[in-house]
Structure formats: structure tokens, C-alpha cells
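Enquirer: Take a look at the following structure, please.
The values are calculated or read from the model by the stated rules, or taken from the named source; none is laboratory data. Predicted model only: the values in this text are computed from it and were never measured. Heads up, the Cβs are rebuilt from the backbone with ideal geometry, glycines too, and the neighbour counts pull from every protein chain shown. SASA here: full protein model, heavy atoms, side chains in, ligands and nucleic acids out. Shrake-Rupley method; radii C 1.70, N 1.55, O 1.52, S 1.80 Å.
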Amino acid sequence: MYEMKVGLASGGGELVWHVVSRQHDSSLCGTALLAAATSATHNTDRHCAPCMVRLQQLMDAAQD
């Protein structure tokens, strides 16, 4: 199961939505997310592109 959490982009700077597995403390792109940053409500509509690509790969593999 996956969920979305807000954190800094992998390159730093802006806040983006990351895809996180409930079993891990880091996003699918490998960015470690701090509990303080992910528990707050943030206004962003940007998503982490590497997380989204990895999620699509996992979904495609599950259908095979």
C-alpha cells in the first residue's frame, strides 16, 4: 500500500508530493521524509516525477 506525503524535492528547494510505501520511511525516489514536514498540511500541486515513474513501474509489474 502506498500513500502520498509532502516533502522537499529530491534536488531540494520546493515542496512536492512523494509516493511512500507504508513499510518504509523514505519515498519511492529514495528521499528521506522528515515526520515534521510530512505531518503538516502544505499547499502544493507538484508531484515528485521520479516517485511517479517508479510507482508506474511497480503497477505495471503487478499486472504482469
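Enquirer: Rounded to a whole number, what % of the accessible area of the chain do carbon and sulfur atoms account for, probe 1.4 Å?
Expert: 52 percent
Enquirer: Excluding W17 itself, calculate the net charge of residues whose Cβ lies under 9 Å from the Cβ of W17, where each Lys or Arg counts +1 and each Asp or Glu counts -1. Working shown, then result.
Expert: Numbers: positive: K5, R46; negative: D45.
The answer is +1.
Enquirer: If you build the Cα gyration tensor of the chain and take the root of 5 times each eigenvalue, what three semi-axes come out, in whole angstrom, biggest first?
Expert: Equivalent ellipsoid of the chain: 21, 12, 10 Å, largest first.
Enquirer: Ordered by packing density, taken as the mean number of other Cβ atoms within 10 Å over each peptide's residues, highest first, how do 4-17, 49-62 rank?
Expert: 4-17, 49-62
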